[in-house]
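What follows is a set of notes on a single structure, which appears directly below.
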Amino acid sequence: MVVVVVGVVKASQVILTNSGYMGIVVGISSEVDESDCQPVIDSVTEIIKKASEILYQNTHKQVFFGDVKILIPKFWTNCNENAVGAESESYEESDIKIAKENVLYGDQPYTLQPGECGEPGLYIHLTPTYLTHPNIINLWGPPEKVLMAEWSKLRWGVFDEVGYPDDYLFPLEYTEDVETNTTNTEKLFLPTVCTSGVPQGNFINKRTGESCVDVIPRDHNCRFKMSKGQDLNASIFSSPKVDKDMIVGFCSDKSTGIFHNSEAPTKQNTFCHGNSTWSIILRHPDFLNFGDLKAQKEYAEPNVTLVQEADANFVLLLDYSESMITDGILPSNEVTRLSRMRRAVIYWLIHEVAEGSSVAIVSFSGTSKLVKNMTKIEGKSSREALVKALPLTARGITCIGCGLYEAIKVLQNLKNQVIILLSDGKESSIEELRINRTISRYKNKFEKTNIRLVSIAFGREADPRLEELAKLNGGCSFTVNDEDKGHMLGDALRGALVYQPPLNPSDMVIQITSKELKVSGSSDQEKITVGSTFTVDKGMGKNLVFRLDSFCENYITNDTQPQLIRPSNKVEENVTETFYPDTLMWHITVPKAEEGQWRWYIKLPPKKDCNVRYGVASQPHDLSTSSVTIKGWVNVGNVVDAAKDKKVIICAKVIQGIYPVLNASVSTLITHPDGIKKEELQLLDNGQAADRIAGDGIYCRYLLKYSENGRYSIKALASSSGDTYIIKPKQDKTKRRRKSADAMNYVPDYCCGSKIPVDLFKQETVKPFSRELPTGSLKVINFSNESKDATSPCRVTDLKVEFLYQDPDTDEFLLSLSWTAPGDDLDFGKVSSYALCMTDDRQYLKEYIFDKSERNIFLNVSDSLVTISAGEPVLTNITGVKKMKFYQYYYVALRSRDEEGNASPVSNIAKQRLQVFYMKSVPLIETNKDLIICGSIVAFIVLIIAAGTLVWCILKKIKEQENSLQSDIVSSVYSRSCKVELHT
C-alpha cells in the first residue's frame with residue numbers, strides 16, 4: 001500500500017563530476033522485511049562496487065559510480081547504527097529501488113523504461129530475494145554485469161538485445177543469412193543475442209531436455225542452449241542467454257569488438273531504428289569528450305554510505321500580496337484566492353501532513369515575514385497553533401525573492417528541506433521593491449542547497465520562473481486556475497507529501513475518491529437534497545474519512561450534518577463527526593466501514609447555483625488484501641518546448657498490490673491555461689506507439705494538443721470498466737524456482753517483450769473502483785498556431801504476416817497481413833495512405849532506401865481502409881501473380897503518411913516462408929494407392945484452410961459492420977513485372 005501522491009516525473013538528480021556519478025540513491029522500500037536488512041545492504045554494496053569497475057572498463061575509462069547512498073526506511077532500528085539522516089533523499093525519487101517482486105518479472109532485475117530511445121528510464125528494480133539468495137542472484141547473469149546493463153538503460157536509454165518466449169516481435173530465435181564462403185550463404189536459425197560471431201549450441205526442450213531442432217512446428221518450450229568454451233564475446237544485453245564468461249561490453253557499429261546486427265529482432269533495433277547500444281550511448285552528454293585521452297580519469301572506488309529517511313521540514317511560503325484579493329476575484333458567492341489558499345492550507349495542516357514532520361510559515365508581499373518558526377507536528381495542539389498563526393489580510397507588491405531569502409534562512413542546517421511556494425503574481429521590479437532581493441539573485445544560492453521547491457502557481461499571471469526554480473533541485477510544479485473550486489490546490493499541497501518518509505503499511509492512507517458536484521439553485525424555500533455514492537474496496541475501510549465542503553459562503557454550515565448510508569441501506573451511526581468553521585468543512589470518520597457501495601446525502605439551502613466537493617479516504621484493515629493504487633508521470637518533466645518536444649508521453653501505472661490492473665478505464669484530464677477548456681485523453685495499455693508493453697498495467701499516450709503557451713494542469717483518472725481484472729501466476733513458483741536454482745539447472749526466461757505472456761497467468765476480477773491522481777503542471781513554451789503540422793504518424797511495430805501461400809501452377813499468391821493502425825499525428829486520428837513493400841532481400845526495406853528501391857513491391861491503400869482509427873486492428877489480404885521460390889523467406893514492411901505528406905518511420909520487418917497452396921482448385925490425381933493417400937492429405941489440408949478462412953471472413957465481416965466499414969478495396973500494386981490486388 002502506498003499513499004496516492006504523484007505529480008509529473010522529476011529528472012534524476014544524478015550528476016557526472018570528474019567521471020564519477022554523484023548522487024545515486026538506492027532506496028529500500030518500507031515493505032522489505034527488516035530481518036533482511038543487513039544481507040540486502042551488504043549484497044547491494046558489493047554489487048555496486050564491482051559494477052562500477054566494469055562500467056569504467058567498458059566505457060573506455062570514461063565513467064564510474066562515484067557517490068552512492070543507500071536509503072533505509074525511517075522505522076528500521078536494527079541496521080541503522082552507521083546511518084546518518086537523509087539530506088534530500090527519498091524512496092520515491094530513488095534511482096535503484098529494492099522492493100517486493102513485480103509479479104510480471106518475479107525476481108528478475110529490470111528497468112522501467114516508458115520513454116523513447118535515448119531517454120532515461122525511471123528506476124531500476126531489484127528484489128530482496130534476488131540480492132540475498134545465493135543462487136538466484138546468478139540466474140540472470142553475473143550481478144555486477146546485470147547492474148551495469150540496467151544502469152545503461154536507466155541513464156542512457158538503450159534497450160535489451162535478447163528475445164522473449166512466445167513473442168512475435170522479439171522472438172527467442174530468428175533466421176539469418178550467414179556467408180559460408182565467398183560465393184554462398186546459408187540460412188541459420190540463431191538465438192536473439194549480440195555476439196562477435198555465430199554462436200554454437202543446441203535447441204533443447206526446456207521441460208524434457210531432448211533435442212527440438214527438427215521438431216515442426218517448433219514447441220514453445222524449445223530453447224537454444226549455447227555450448228560452453230566458445231571463443232566469442234557477447235554484449236551485456238545478451239545475458240542470461242549466453243555463458244557469463246562471454247559477456248564483455250556493448251554492441252558496436254564498428255567491426256572491432258562485438259559487431260551490432262541491425263536486422264536482429266530486438267527491442268534495441270525496434271526502438272532505436274537499428275542503431276547499436278554503443279552508438280546511442282555515445283550521443284549522451286556524458287560522452288561529449290569521448291576519445292579525448294585527457295578526459296580519462298583515474299578510477300576511484302565508489303563512496304557508498306548508509307542514510308536513513310528523515311522527517312520532512314516544510315516551509316509554507318505564502319503570497320500575501322494585494323493581487324491575492326484584487327485580481328481573479330470570483331463571482332460574489334465564491335471566495336478570493338487568499339481565502340482558497342487559507343482554507344486549503346488549514347486542511348493540509350490539520351489532516352494531511354504527517355506526525356513527526358515540521359512546518360514553518362513565511363509570508364511575503366513587498367517584504368517577507370517569519371510568521372511561525374519551525375514547529376514539529378505532535379498532535380492536535382501543534383496543528384492548531386500553526387493554523388492560528390496564519391495571517392488574515394493581504395497587501396502590497398510581490399517580492400518572491402524576499403520570501404525565498406527568509407525560507408532558506410529557516411531551513412539552514414536541517415534535513416529533508418522542502419519549500420512549498422504559493423503565488424499568483426509576477427515578481428515586482430527592482431525599482432518597485434527598493435531592495436535587491438529578486439529571484440535571480442537567489443537562484444544560484446538556491447541551486448547549491450538541497451532544498452526541494454514545490455511551486456504552486458495561481459492563475460495565468462504567476463511568475464514564469466517558478467517552474468525553473470522547482471526544476472533546480474528536483475522539485476515539482478502545479479497550476480491552480482481561478483475556475484478551480486479547490487481540487488487543484490488541495491491536490492497540489494498533497495503532492496508535496498511525497499517528500500515525507502513512507503508510513504508503515506498499516507498507517508498508510510488511500511484516497512478513494514474526490515469529486516465535485518454542481519448544485520442548481522431553486523426559488524423554493526424547501527432545502528435541496530444533494531448526494532452521491534462511493535465504493536469501499538475489499539480490504540479497505542479502516543478509519544474511513546468522509547469530508548464535504550463548498551466555496552459558496554455559508555452554504556455548508558454546522559446546522560445540517562451529512563448522512564452516510566451503508567451498503568446494507570442503513571444509516572451509519574457509529575461515526576465521529578466534526579465541523580471546522582475555519583474551512584467550512586464536515587469531517588466524518590467511520591472506524592470500520594464495510595465493503596461495498598456507500599451513499600451520502602445532505603440537505604442544503606435553496607441558494608443560487610453552487611458547487612460542493614466531497615472526498616473519501618481510508619486505511620487498509622487487511623494488509624493481505626491490497627487496494628488499487630495509481631501513479632503517473634510525464635516523460636519531459638515540468639516544461640515542454642512545443643517546437644522540440646514532439647513526443648511528450650503521459651503514463652499512469654495501475655496496480656493492486658504487486659498485480660497489474662488490466663482493461664481499466666484510464667484517462668488524463670487536461671485543463672488548458674485559460675482554465676475553461678478541458679480535454680480528456682484516454683490512455684492505452686496496448687503495447688503500441690507511446691505504450692511499451694501490452695498488458696503490464698502501465699497506460700500511456702502521446703500528448704499533442706495545445707491551444708496556447710502557458711501552464712496546463714493534468715489529472716489522471718482510473719476506474720473499472722466492467723471487465724477489469726488483475727493477473728496472478730497460475731501457481732506459486734517460488735519454491736520450485738528456489739529448488740531448481742539450488743540445483744543450478746534452472747534457466748529463467750527473460751521478461752518482458754512486446755506483451756505480457758498472459759497464458760502463464762490467471763485472471764481475477766477486480767471489484768469496482770475509482771481513483772484519481774493529484775494535479776500536475778506542464779508549462780508549454782514556443783507553441784504557435786500558425787506552424788505547419790510536422791508531426792508524422794507513429795511507427796507501426798507489430799506488422800505480422802499471418803500467412804503467405806502460392807499456387808505452383810498459376811503463380812498466384814495470397815499474402816495476409818495484420819498490424820495496429822497508426823494515427824495522423826503519432827497515435828491520434830487516421831492516416832491518409834500506406835506504402836507497403838515486400839522483397840526477398842530485407843536490406844531493401846531499410847529506412848534510407850525504402851522509398852527508392854525498384855526491387856520492392858509498393859502498395860498504396862485506398863481511402864476506405866484508412867477510416868480505421870489509430871489503435872484499431874488492421875487485417876489485410878493481398879493477392880497477385882509473381883514467380884517466387886517455395887520455402888524461401890520473404891520480408892514485408894510498411895510506412896504511412898498523413899494528409900500533409902509527413903511519413904512515419906518504416907515499420908518493423910515481418911517475414912514468412914512461401915508455402916504451397918492451390919488457390920483455385922485441387923488438380924485431379926490418378927487413382928493409385930500412393931496418390932490417393934497424397935491427395936487425401938492435400939484435400940484435408942485445403943479443407944482445414946478453407947474452413948479457417950471462412951471463419952475468419954465471418955468474424956472479419958462482423959468487425960467491419962461494427963466499425964461501419966463498407967469496403968471492397970481493390971488497389972493496383974506495381975512491381976518489376978507483376979500486378980497485385982488488395983482486398984479487405
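The values are calculated or read from the model by the stated rules, or taken from the named source; none is laboratory data. Quick caveat, the model's predicted, so the values are computed rather than measured. Heads up, the Cβs are rebuilt from the backbone with ideal geometry, glycines too, and the neighbour counts pull from every protein chain shown. All accessible areas refer to the heavy atoms of the entire protein, side chains included, with ligands and DNA or RNA removed. Shrake-Rupley method; radii C 1.70, N 1.55, O 1.52, S 1.80 Å.
P(r) tail, region 546-648: Cα-Cα pairs separated by more than 23 Å, 49% of all pairs. Restricted to Cα atoms, region 1-159 shows a radius of gyration and a Dmax of 15.2, 43 angstrom. In the full protein context, region 329-419 carries 40 Å² of accessible surface per residue, based on a 1.4 Å probe and ignoring ligands, DNA and RNA. Bridging of K409 to aspartates and glutamates at a Cα separation below 18 Å is possible for E87, D319, E447, once same-chain residues fewer than 8 apart are set aside. Amide H contacts under 5 Å for E872: A821, restricted to partners 5 or more places along the chain or on a different chain, H placed in the peptide plane at 1.01 Å from N. Where q = 0.25, 0.27 Å⁻¹, what log10 of I(q)/I(0) comes from the Debye formula for region 528-593, counting one point per Cα? So the normalised log intensities work out to -1.22, -1.33. For Y123, nonlocal amide neighbours, meaning residues 5 or more places apart or on other chains whose placed amide H falls under 5 Å from its own, are L112. Dimensions of region 69-160 from C-alpha coordinates, computed as largest minus smallest value along each principal axis and given longest first, are 40, 33, 23 Å. Working ranking of peptides 379-391, 308-320, 358-370 by packing, defined as the average number of other Cβ atoms within 10 Å per residue, highest first, is 308-320, 358-370, 379-391. When each of the peptides 412-420, 673-681, 872-880 is scored by the mean number of other C-beta atoms lying within 10 Å of its residues, the order from highest to lowest reads 412-420, 872-880, 673-681.
Separation of region 140-154 from region 499-564 is 47 Å, based on Cα centroids. Averaged per residue, region 557-651 has 46 square angstrom of accessible surface, using a 1.4 angstrom probe with ligands and nucleic acids left out.
Fully extending the segment from E322 to L370 would add 15.4 nm, taking 0.36 nm per residue of separation and subtracting the current Cα-Cα distance. Taking all protein chains into account, the per residue accessible area for region 72-166 stands at 29 Å² (1.4 Å probe). Its residue count N sets the reference 2.2 N^0.38 Å, and the alpha-carbon radius of gyration of region 11-88 equals 1.23 times that reference. Residue-wise HN-Hα couplings along region 222-229, as the Karplus relation 6.51 cos²θ - 1.76 cosθ + 1.60 with θ = phi - 60° gives them from phi, are 6, 10, 7, 10, 6, 6, 7, x Hz; Gly and Pro carry x. When the listed pairs K97/K647; K206/K883; K145/K206; K69/K225; K74/K297 are checked against a 30 Å cut-off, the alpha-carbon distance exceeds it for K206/K883; K69/K225; K74/K297. In a DSSP loop and with at most 16 other Cβ atoms within 10 Å, the trypsin sites (Lys or Arg not before Pro) in region 692-733 are K705, K730, K733. Derived scalar couplings between HN and Hα for region 37-48 equal 4, 5, x, 5, 5, 5, 5, 5, 5, 5, 5, 4 Hz in order, rounded to whole Hz, by the Karplus curve 6.51 cos²θ - 1.76 cosθ + 1.60 (θ = phi - 60°), x for Gly and Pro.
Among the listed pairs K755/K911; K153/K767; K61/K100; K100/K644, those whose Cα-Cα separation exceeds 29 Å are K153/K767; K61/K100; K100/K644. Provide, for q = 0.16, 0.19 Å⁻¹, the log10 of I(q)/I(0) from a solvent-free Debye sum over equal Cα point scatterers in region 595-695. After summing over all Cα pairs, the log10 values are -1.01, -1.17. Residues whose amide H comes within less than 5 Å of that of T513, counting only those at least five positions distant or on another chain, are V616 (H built at 1.01 Å from N in the peptide plane). Expressed as a whole percent, the accessible surface of region 788-835 that belongs to carbon and sulfur atoms is 45, based on a 1.4 Å probe. Descending by average beta-carbon neighbour count within 10 Å, the peptides 458-470, 803-815, 345-357 line up as 458-470, 345-357, 803-815, the highest first. Listed by chain and number, the aspartates and glutamates placed with their C-alpha closer than 14 angstrom to that of K846 are E263, E854; residues fewer than eight positions away on the same chain are left out. Here is the list for region 30-112: GluC sites (Glu not before Pro) lying in DSSP coil, each with at most 12 other C-beta atoms within 10 angstrom of its C-beta, are E81.
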